[in-house]
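The values are calculated or read from the model by the stated rules, or taken from the named source; none is laboratory data. Given the structure is predicted, the values throughout are model-derived calculations rather than measurements. Backbone-built Cβ (ideal geometry, glycine too); neighbour counts: all protein chains shown. Keep in mind that these areas ignore ligands, DNA and RNA; they rest on the heavy atoms of the full protein, side chains included. Shrake-Rupley method; radii C 1.70, N 1.55, O 1.52, S 1.80 Å.
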Amino acid sequence: MASSTAQQEETVLRAIVVSSSSTWSGQPISTNDRQSAFGVLSDFSKYPGRIPLCLKWLQEQSLMVQGNDCTVSSKLYACELLTDFLKHQYSKLSEGERLELRRATLTAARMEAPTARTDSSILSNKLASLLAALVVRDFPQRWTTMVEDVFYMWNAEQPQMGSKICLEVLKLVAEDCTDSDFNTKISTKRRNDILLGLNEVASQFLPLFFRSLEQITVLTQCRSSLHNMRLYLLQNQQTLSTMTSEQATAYRSEEQKAKAIALMMVDTLSTLEKFCRSMPLDWMLGINHDFSAAFIHLMREPTEGIQLVAVECLEQLCVRGKLSYEKWMQWIQEFPSAVQQVNQQLNLEQEVLRVESAASGGG
């Protein structure tokens with residue numbers, strides 16, 4: 001029986017590779033082979049024992065079939081089957097089975113967590129979506145430790161994929177609990193339970209988000225260092241393409257650091273924008289963490305579109321029509337100065353772009 005299961009697993013893994021690749025063991029994949037692989041996967045999607053195998057794949061550090069690496073493609077396929085399973089059969093699971101599914105998904109996400117934020121990852125997005133679906137179904141009654149379990153992946157020191165997964169989970173949950181299309185699929189009581197539960201634990205994750213935005217100081221330092229490096233090159237009749245090995249290493253390190261921090265800040269702002277739409281106003285306008293002040297400050301930062309998402313956050317707070325008179329008056333007084341600083345920064349950015357173009361050999 002064990003041998004039969006192992007053989008079936010190998011057949012399915014092979015089909016995953018064939019269906020998602022252009023070659024198999026260095027040879028082109030024929031149309032017939034690909035169609036046959038699709039048939040195997042279609043049959044497996046109806047196989048009663050598919051869920052245990054999917055959970056097994058998610059928790060594997062690597063997956064190989066006949067010398068071909070199928071780790072990512074197999075985990076993506078497992079996420080697809082599990083997502084469909086959640087929609088139609090999750091309510092039939094026992095408490096133990098729910099816990100097993102949750103643990104497997106968290107394990108897979110934690111394997112992805114150390115990946116540098118500069119790398120894109122479809123798998124990380126799929127796992128975040130799967131975790132969000134579990135949150136919507138189990139938090140807070142059945143999953144009381146959700147914040148601790150998910151934010152175990154948060155890295156306050158380095159911008160990594162784990163932090164993005166945390167942000168994406170809460171972003172998707174916020175959308176699910178406020179989007180009218182999704183609201184027709186869950187009861188008002190379930191939706192209210194989730195929102196009340198999030199409000200109870202908000203003090204655990206909001207400070208993390210605020211500190212993420214405070215990384216603007218590090219980003220500013222990185223950008224200044226890069227600008228000075230380019231000026232140095234130009235002063236010495238060099239360009240980026242003629243840097244020494246030591247110069248190139250230092251430049252790439254600073255460039256990657258700046259990009260990772262900027263992307264992390266955009267991830268944070270994107271989640272906060274969903275909160276600005278519908279979550280309690282005191283989440284964004286708290287005494288200890290006034291996110292609106294951070295949004296105003298970030299209006300001047302163009303890297304990776306930070307300023308655009310910051311403005312979107314402010315816009316959502318405005319259009320809700322629930323700001324106090326005192327907050328409106330404060331913003332009215334602060335905005336002219338903030339806009340003036342944005343315009344001043346625009347002039348500086350033009351100089352930065354001119355130097356970058358010259359250092360790149362663009363004249």
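List the trypsin sites (Lys or Arg not before Pro) within the stretch 1-102 that DSSP assigns to loop and that have no more than 14 neighbouring Cβ atoms inside 10 Å.
46
To the nearest 0.05, what FRET efficiency results for residue 8 and residue 120 with a Förster distance of 25 Å applied to their C-beta separation?
It comes out at approximately 0.15.
Treating the Cα atoms of the stretch 62-110 as identical point scatterers in vacuum, please give the log10 of the normalised Debye intensity I(q)/I(0) at q = 0.17, 0.19, 0.31 Å⁻¹, two decimals.
-0.60, -0.71, -1.16
Anything over 19 Å Cα to Cα? Flag those among 87/126; 46/126; 126/171; 164/189, in the order listed.
In this structure, 46/126; 164/189 lie more than 19 Å apart at Cα.
Would you please calculate the Kirkwood hydrodynamic radius of the chain over all C-alpha pairs and express it in Å, rounded to one decimal?
Taking the inverse mean of 1/r over all distinct Cα pairs, the chain comes out at 23.4 Å.
Using only alpha carbon positions, build the gyration tensor of the stretch 125-267, then give the equivalent ellipsoid semi-axes as the square roots of 5 times its eigenvalues, largest first, whole angstrom.
43, 14, 12
Along Cα→Cβ, 7 Å out, is where each label goes; now give me the distance between the ones at residue 348 and residue 66 in nm to one decimal.
According to this spin-label approximation, the distance is 6.0 nm.
Which one of 27, 307, 61 has the biggest mean-square fluctuation once the chain is modelled by GNM with Cα springs under 10 Å?
Evaluated over the chain, the most mobile residue of the options is 27.
Would you kindly calculate the mean projected area, averaged across all directions, of the convex hull enclosing the Cα atoms of the stretch 202-276, in square nanometres? Don't skip to the end; give the middle numbers.
Numbers: hull surface 23.6 nm².
Directional mean of the projected Cα hull area for the stretch 202-276 stands at 5.9 nm².
So, counting K/R as plus one and D/E as minus one, what does the shell of residues with Cβ under 13 Å around residue 285 add up to? Numbers along the way, then the final one.
Working: positive: 320, 322, 327; negative: 282, 290, 326.
After counting each charged neighbour, the total is 0.
Using the basic label-point model (7 angstrom from Cα toward the beta carbon), what is the residue 335 to residue 80 distance in nanometres?
Result: 4.7 nm between the two label points.
With springs only between Cα atoms under 10 Å, which of 248, 260, 294 fluctuates most in a Gaussian network model of the chain?
Per the Cα network of the chain with a 10 Å cutoff, 248 tops the list.
Quick one: the Cα spread of the stretch 77-142 along its three principal axes, in angstroms, biggest first?
39, 21, 17
Using a 10 angstrom cutoff on alpha carbons, build the Gaussian network for the chain and name the most mobile of 127, 269, 63.
63
Take 31, 303 and sort them by solvent-accessible surface of the protein heavy atoms, 1.4 Å probe, largest at the top.
Largest accessible area first, the list is 31, 303.
Among the complete DSSP H segments of the chain, which ones combine at least 30 Å of alpha-carbon extent along their axis with a mean Kyte-Doolittle hydropathy of -1.0 or more?
Answer set is 188-213, 245-278, 325-359.
Between residue 187 and residue 232, how many nm apart are label points set 7 Å from Cα along the C-beta direction?
6.5
Report the residues of the stretch 120-138 in range of a label on residue 158: point 7 Å along Cα→C-beta, backbone N strictly under 17 Å from it.
Once the point is set 7 Å along Cα→Cβ of residue 158, 120-121 turn out to lie under 17 Å by backbone N, inside the stretch 120-138.
Just to check, using Stokes-Einstein with a Kirkwood Rh over alpha carbon pairs, what's the diffusion coefficient of the stretch 1-106 at 25 °C and 0.890 mPa s in µm²/s?
Calculated translational D: 169 µm²/s.
Need one word for the stretch 263-343: rounded, prolate or oblate. Basis is the Cα gyration tensor (sqrt eigenvalues a ≥ b ≥ c); a/c below 1.5 gives rounded, then a/b vs b/c decides.
oblate
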